[in-house]
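As structure tokens, the structure follows; a few thoughts come after it.
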Amino acid sequence: MKTNTLFTPLELGALSLRNRILMAPTTRMRAQMPGNIPWELNATYYRQRASAGLIISEATPVSPHGHGYFQMPGIHTTAQAEGWKLVTSAVHEAGGKIFLQLFHAGRMSHNDFQPNGELPVAPSAISSLGQSPVAPGVLKPCPVPRALETGEIAGVIEEHRRAAELAMVAGFDGVEIHAANGYLLEQFLSDHANVRTDAYGGSLANRARLILEVTEAVASAWQADRVGIRFSPANAHDGIAHTDRFGTYAHVIRELNRFQLAYIHLVEPRVAGNAEVAQFDAALSSRHFKPLITGHTRLISAGGHTLASGAAAVQSGEADAIAWGRQFIANPDLVERFAKNAPLNPYNRETFYGGTEQGYTDYPFLNLTPGRLTQLS
Ligand SMILES: Cc1cc2nc3c(=O)[nH]c(=O)nc-3n(C[C@H](O)[C@H](O)[C@H](O)COP(=O)(O)O)c2cc1C
């Protein structure tokens, strides 16, 4: 299998990427408390991974209501934007590029995170039946959320726009809107999670409205060519269902063409955690959505890729770039390892969420000379 296509440059919106091996967004829950503020430890972690063609940051709540996991770094206070500056300058100093992933948990949250212990907000008062990690080792059931009033939705859009502005202040190269994995924006799109009867519920056009209005607002803070968006068309976690999955996502992707975003980022069905993966795979993998994307917008594929499958997807034109999650957690020098076809460090699930340096900044590099260690720490 020829793998060199992954090492060719890519024009991605306003950016020129030096390779197509991207770091997928991965929540690691290691922000400084109180205040959910990024700090030196996070800067070291991202700096170590700066050889990625593009880093997409962990999911970052746009609002106090958007938190759903302990110690997530936020992007709704100026202190958080200041903290993120440590991260963006570390990545830039090391020659890398980094987008921030704009996130709102919606119903995938718990009162413990919410201002005044209120209920989490969602399109409708329907529970995800999921669990929220409120502290290390402590999971609490996500409650039945409170349905947002129609008049509150403009505020949610404004939270995304303001967070996008703060991301600019923090020195990011762009932002990715998180519309995947069962969080607020996917909740609005799902005809099971969203049973509203106003302009944001009911028809497909109405359920897609929030995503499109958030995109418009974020693209007004940045240029559209520095904005991407992530979807997981086959996601069936946390009570998410769509009666017509392909039709739903095809509609949204076609509507997004008018913005000419930098990219659309799709999570492949094989990581959907669903019993019907084989059936989904036939219809919902990114190659089926690629022909719907027009103009300069690129397609990033993520989920369960190996070096060979990623290279094949780029080679065949099914995707323009590939994002790796777990392999980037365990291999800060994934690009170099791929280039040399070198063995990969195994990842340790136990240290994915929360904790300190262990399982975060201490994964070994292939060729770590003392000089390089100083450079990376
Ligand atoms: C520890 C961990 C945290 C994750 N956090 C996020 C996240 O914050 N935002 C997101 O969109 N996806 C998140 N994901 C999903 C990954 O971006 C990716 O889609 C998934 O890991 C599959 O890709 P992989 O097989 O290369 O790991 C996370 C995955 C893992 C393992």
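If you go through the stretch 324-345 and keep only what is away from the ligand (no atom under 13 Å from the Cβ) and either in contact (Cβ under 8 Å) with a residue 12 or more places away in the chain or in contact with a Lys or Arg (Cβ under 7 Å, 6 or more places away or on another chain) (or both), you end up with Pro332, Asp333, Val335, Glu336, Arg337, Ala339, Lys340, Asn341, Ala342, Asn345. For Gly137, state whether it is small (Gly, Ala, Ser) and more than 15 Å from the ligand (Cβ to nearest atom). The answer is yes for Gly137.
Does any residue of the stretch 197-207 turn out to be under 21 Å from Ser109 (Cβ atoms), touching a residue at least 40 places away in the same chain (Cβ under 8 Å), within 16 Å of the ligand (Cβ to nearest atom) and touching a Leu at 6+ places or on another chain (Cβ under 9 Å)? Checking the stretch 197-207: not a single residue is under 21 Å from Ser109 (Cβ atoms), touching a residue at least 40 places away in the same chain (Cβ under 8 Å), within 16 Å of the ligand (Cβ to nearest atom) and touching a Leu at 6+ places or on another chain (Cβ under 9 Å).
Select from the stretch 55-69 the residues that are more than 10 Å from the ligand (Cβ to nearest atom) and surrounded by 22 or more Cβ atoms within 10 Å (Cβ to Cβ) and write down the one among them that is nearest to Cys142 (Cα to Cα). Ranking the candidates gives Gly68 first. The set of residues in the stretch 348-368 that are within 13 Å of the ligand (Cβ to nearest atom) and over 14 Å from Thr27 (Cβ atoms) comprises Asn348, Glu350. Can you list residue pairs whose Cβ atoms sit under 7 Å apart, with the first residue in the stretch 304-316 being within 16 Å of Asn331 (Cβ to Cβ) and the second being crowded, with 20+ Cβ neighbours inside 10 Å? Count only pairs 6 or more apart in sequence or on different chains. Sorted first by the residue in the stretch 304-316, then by its partner, the pairs are Gly304/Glu268; His305/Ile322; His305/Trp324; Leu307/Phe338; Gly310/Leu6; Gly310/Ile322. At least 2 residues being touching a helix residue (DSSP H, G or I) at 6+ places or on another chain (Cβ under 6 Å) is the threshold, and among the strands (runs of 3 or more DSSP E) wholly inside the stretch 1-118 those reaching it are 21-23, 98-103. Within the stretch 228-252, the set of residues being within 21 Å of Leu292 (Cα to Cα) and within 15 Å of the ligand (Cβ to nearest atom) comprises Gly228, Ile229, Arg230, Phe231, Ser232, Pro233, Ala234, Asn235.
Considering the conditions (1) buried (at least 22 other Cβ atoms within 10 Å of the Cβ); (2) at positive phi, Leu129 is excluded by exactly one of them, (1). Pairing residues of the stretch 85-102 that are farther than 25 Å from Ala219 by Cβ and away from the ligand (no atom under 16 Å from the Cβ) with residues that are modelled with pLDDT of 95 or more and acidic (Asp, Glu), at Cβ distances under 9 Å and at least 6 apart in sequence or on separate chains, gives Leu86/Glu40; Ala90/Glu40. As a summary of the residue check, Pro346 satisfies the conditions (1) surrounded by fewer than 23 Cβ atoms within 10 Å (Cβ to Cβ); (2) within 19 Å of the chain's Cα centre (by Cα) except for the one numbered (2).
Checking Ala234, Ala275, Ala283 one by one, the residue that is of a type outside the set (Ser, Thr, Tyr), assigned to a loop (DSSP other than H, G, I, E, B), out of contact with any Leu (no Cβ under 9 Å at 6 or more places or on another chain) and modelled with pLDDT under 95 is Ala275 and no other. Considering the stretch 1-27, the residues that are charged (D, E, K, R) and either buried (at least 22 other Cβ atoms within 10 Å of the Cβ) or over 23 Å from Phe365 (Cβ atoms) (or both) include one that is farthest from the ligand (Cβ to nearest atom), namely Glu11.
In the stretch 299-314, the residue that is surrounded by the fewest Cβ atoms within 10 Å (Cβ to Cβ) out of those that are of a type outside the set (Val, Ile, Thr) and closer than 17 Å to Ala180 by Cα is Gly304. Applying a threshold of 7 Å to beta carbon distances and a minimum spacing of six or more residues, or different chains, the list of pairs starting in the stretch 1-26 at a residue that is closer than 11 Å to Ala262 by Cβ and ending at one that is acidic (Asp, Glu) reads Leu10/Asp320; Gly13/Asp225; Ala14/Asp225; Leu15/Asp173. From the list His67, His76, the one residue that fits, being free of Cβ contacts under 8 Å to residues at least 60 places away in the same chain and over 30 Å from Asp320 (Cα atoms), is His67.
The values are calculated or read from the model by the stated rules, or taken from the named source; none is laboratory data. The structure displayed is predicted, hence computed values, not measured ones. Ideal geometry is used to build each Cβ from the backbone, glycine not excepted, and the neighbour counts take in all protein chains shown.
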